[in-house]
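The values are calculated or read from the model by the stated rules, or taken from the named source; none is laboratory data. All of these numbers come straight from a predicted model, not from anything done at the bench. Every residue, glycine among them, receives a Cβ derived from its backbone with ideal geometry; neighbour counts consider all protein chains shown. When the accessible area is computed, the model is the full protein with side chains, heavy atoms only, and any ligands, DNA or RNA have been set aside. Shrake-Rupley method; radii C 1.70, N 1.55, O 1.52, S 1.80 Å.
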Amino acid sequence: MRSNIILGRGDLEVIEMLNKYLIDKIVGIRNVGDGKLIIDVKPNNLVDVVNVVTDKLGGIFVTIVGNDARSIDNSFHNIYVFSLDSLKTYLLIRVKLDPESPKINSITHIVKGADWGEREVRDLLGINMVNHPDPRRLILPDGWPEGINPLKKEFAHSIRPELNNSECYVPLRSDDVVALPYGPYHPLLHEPEYFELHIKGETVVGVEYRGFHVHRGIEKLGESRLTYNQVPFVAERICGICGFVHNVCYCQAIENAAKIEVPERAHYIRSIILEIERLHSHLLWLGVACHILGFDTGFMHAWRIREPIMNLAEALTGNRKNYGLNLVGGVRRDINKDSSARISKLLKDIKHEYDRFISSLTAVKEVIRRLEGSGLLPKPEAISYGVVGPVARGSALKRDVRVDHPYAAYKDVSFKVPTYSECDNMSRLMVRVDEVYESISIIEQLIDRLPGGSILAENAEVPEYREGFSGIEAPRGEDFHYVLTGRFSKVYRWRVRAPTYNNIPALKVMLHEVPLSDAPLTIASIDPCFSCTDRLLVFDVDKGKKFKVSYKALASGWKP
Amino acid sequence: MNIYKKSIWVFHLNTGGCNSCDIEILDVLTPYHDVERFGIKLVASPRHADALLLTGPVTKEILPKVIDALLAVPEPKLVIAIGSCTTGGGIWYDTYSTIGGLNELYKVLKEEYGVPEPSTVKIPGCPPKPESIIYGIALALGVVQQKVTTTTARVE
């Protein structure tokens, strides 16, 4: 599994720093591509290493990948992913755990963002997180039997154990707050998720979250029933809004693992469709945000402007959503000359319409007053939670995977990364407003420079037991996929970390002390995409430290 | 199937779908397709609705809530199953955390609650285009005639 070391960009600098601070703690170091480092450490050194990576190297937490590698080297693997944005490097820290009773020290007290990742690994792989502050289940449905961890290789993807119906979700209440259910079906949430807002007077003082209602078991499906070239089509079904992102991200991870050279034209086509997706996603969000504000005219206009983009996607790929365009090694359909001319004309029209829409939107005083100063997420909190995308950029954190870890054709185009430092809902809205202009400009540049040549790598072979990973800037932030290839053209481990997964925990901060009427808007301001987040299974509750909590079980069953 | 003489009001229930059907539903309501001109309106509570729009393969976590919502819709109720996942479970037909689509949901309804299957329109597609969603609803209202008939294939 050893690949040749190709050092580039920040790699040398990172290795130098690792040598300086951690020379005695690192067991092995590998480079799996430009700006992609994997280090092995002993489990008992993990906390020290994570401390150094976050303090000295400026690492921002991305995710945790758990892996049942008992059939490869008789151990469980836990891989902690950090992004060193300034050094343009992904650093993966791997620990190997005991196959019989795997356990590892929790790092949640150092990086708050690791909370969900650790609980997910515990749910799905049965790895014990020592000293984790929250013993509750995150992902699996209520009443799921103990000891059945779906991602362990001995369990089939089709196990459907009897659920224990007496176990049900118990909200935490205290006497001096009013608990207000928001979901699982709420007119302003278009997906099933349950927030319980704790209200004191008119102010939100705490929030409980029970998510992962949309967990469908995609990772397990990809590892069991499908071959590596079928997975892209399922990856697209992770999310109906930003599906193409997952699709490209998976393909890039496999290409990284197998060292497949993708033709330049395929890179350009991928980037064009990615930007088209960003356009429609941001317009969709702007519409929904207007709707939540009670400004339905804005909602209708945003969706009116969005419709030609959907038609364009259909013309280019054959479907309005779920394009089925990618294979490992390239794309399946080409863009012809006529489409280029059509895209240019359409973009011009959209820009004109969008200009008018935005100038009228920002002229509505009621809209601006609702947005300004609500849902604050200060920069230090943003770093600790590892938030991504417009949420990070709205908190003055200049993070954009397209710049930090360039992929596809983004190295060939120039664009601005809009950041705002007010850290409120307005900042997050303005980031998205500006990004639409940037996306239009990126597509124009890509169309101008579209190179010729083939669109699919020939004879792309995927060797066994190679690992690769990839990050992509989705409309909602950084999307991260990790793959370990397996035997018989299958994927051994496929891990998906969607952007919303890192952003939801930060809602605890954003919702604190906001007026109740701003809560739906604040929740929407992270552009939550629950189907992405829930591809596994989840359970989460925030205790809200400010008040005493008495446990009061509701009557059994789910009736509100 | 023409049980509704007047406008139908719909409640949108995501039963574990990936969002693409859901955004196509919203798309149907916005200016390009604008189904409100046919009197079709999205409402905020199942108790106000004539029809339920289901999208997704019905996950185990969501099952009790879906049943609650279904039972809350007054009779005569109509279920409009949108997308391949809902109609037959789709690629998730046997995964560990879903129940595998509408038929399984109806089985639970019948066995555990004694509720017969409501009238149902199935609109397959991944996602179905806005036009097919409108067509499906028109079918339910008896505006157009159904062109496809059911055939059963047995796989040994």
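Scanning segment A:218-259 for residues that are without any contact (Cβ under 8 Å) to a residue 40 or more places away in the chain and assigned to a loop (DSSP other than H, G, I, E, B) gives a single hit, A:Gln230. Right, B:Ile25: more than 10 Å from chain A (Cβ to nearest Cβ) and under 16 Å from the mean Cα position of the chain (by Cα) or not? So B:Ile25 fails the test. Just one of the numbered conditions (1) more than 14 Å from chain B (Cβ to nearest Cβ); (2) assigned to a helix (DSSP H, G or I) is not true of A:Val262: (2). Residues that are away from every other protein chain (no Cβ under 14 Å) and either surrounded by 24 or more Cβ atoms within 10 Å (Cβ to Cβ) or within 21 Å of the chain's Cα centre (by Cα) (or both) within segment A:229-253 comprise A:Val248, A:Cys249, A:Tyr250, A:Cys251, A:Gln252, A:Ala253, listed in sequence order.
Residues A:Phe415, A:Phe488: which one is part of a loop (DSSP other than H, G, I, E, B) and modelled with pLDDT of 90 or more? Only one candidate qualifies: A:Phe415. Among the conditions (1) over 26 Å from B:Asp27 (Cα atoms); (2) surrounded by fewer than 22 Cβ atoms within 10 Å (Cβ to Cβ); (3) in contact with a strand residue (DSSP E or B) (Cβ under 8 Å, 6 or more places away or on another chain), B:Leu139 misses just one, which is (1).
In the set (1) touching a strand residue (DSSP E or B) at 6+ places or on another chain (Cβ under 9 Å); (2) more than 9 Å from every other protein chain (Cβ to nearest Cβ); (3) modelled with pLDDT of 80 or more; (4) farther than 30 Å from A:Ser101 by Cα, the condition left unmet by A:Lys152 is number (4). Across segment B:36-51, not a single residue is classified as within 30 Å of A:His246 (Cα to Cα), open to solvent by 10 Å² or more (accessible area, probe 1.4 Å) and part of a loop (DSSP other than H, G, I, E, B).
Between A:Arg370, A:Arg399, the distinction of being within 22 Å of A:Cys529 (Cβ to Cβ) and basic (Lys, Arg) belongs to A:Arg399 only. Within segment A:436-477, being of a type outside the set (A, V, I, L, M) and in a strand (DSSP E or B) holds for A:Glu467, A:Gly468, A:Phe469, A:Ser470, A:Gly471, A:Glu473, A:Gly477.
Look at A:Asn131 and say whether it is open to solvent by 10 Å² or more (accessible area, probe 1.4 Å) and touching a strand residue (DSSP E or B) at 6+ places or on another chain (Cβ under 9 Å). Against the criterion (open to solvent by 10 Å² or more (accessible area, probe 1.4 Å) and touching a strand residue (DSSP E or B) at 6+ places or on another chain (Cβ under 9 Å)), A:Asn131 qualifies. So, A:Val387, is that one crowded, with 20+ Cβ neighbours inside 10 Å, under 15 Å from the mean Cα position of the chain (by Cα) and in a loop (DSSP other than H, G, I, E, B) or not? Criteria met by A:Val387. Summed over segment A:13-42, residues that are exposed (fewer than 12 other Cβ atoms within 10 Å of the Cβ) and in a helix (DSSP H, G or I) total 3. Annotation note: of B:Gly101, B:Gly83, B:Gly88, the sole residue that is without any contact (Cβ under 8 Å) to a residue 60 or more places away in the chain, surrounded by 15 or more Cβ atoms within 10 Å (Cβ to Cβ) and under 11 Å from the mean Cα position of the chain (by Cα) is B:Gly101.
Has segment B:107-119 got any residue that is surrounded by 16 or more Cβ atoms within 10 Å (Cβ to Cβ) and touching a strand residue (DSSP E or B) at 6+ places or on another chain (Cβ under 9 Å)? Within segment B:107-119, one or more residues are surrounded by 16 or more Cβ atoms within 10 Å (Cβ to Cβ) and touching a strand residue (DSSP E or B) at 6+ places or on another chain (Cβ under 9 Å). Selection of segment A:305-325 for residues being in contact with a helix residue (DSSP H, G or I) (Cβ under 9 Å, 6 or more places away or on another chain) and of a type outside the set (A, V, I, L, M) yields A:Arg306, A:Glu307, A:Pro308, A:Asn311, A:Thr317, A:Asn319, A:Arg320, A:Lys321, A:Asn322, A:Tyr323, A:Gly324.
Taken together, the residues in segment A:442-456 that are open to solvent by 10 Å² or more (accessible area, probe 1.4 Å) and in contact with a Leu (Cβ under 9 Å, 6 or more places away or on another chain) amount to 3.
For A:Arg320, the conditions (1) farther than 30 Å from A:Val509 by Cα; (2) in contact (Cβ under 8 Å) with a residue 12 or more places away in the chain; (3) in contact with a Pro (Cβ under 9 Å, 6 or more places away or on another chain) are fulfilled apart from (2). Scanning segment B:57-77 for residues that are in contact with a helix residue (DSSP H, G or I) (Cβ under 6 Å, 6 or more places away or on another chain) and more than 7 Å from chain A (Cβ to nearest Cβ) yields B:Val58, B:Ala72, B:Val73.
So if I check each of A:His215, A:His198, which one is assigned to a loop (DSSP other than H, G, I, E, B) and either more than 10 Å from chain B (Cβ to nearest Cβ) or crowded, with 22+ Cβ neighbours inside 10 Å (or both)? Step by step, each of A:His215, A:His198 is checked, and only A:His215 is assigned to a loop (DSSP other than H, G, I, E, B) and either more than 10 Å from chain B (Cβ to nearest Cβ) or crowded, with 22+ Cβ neighbours inside 10 Å (or both).
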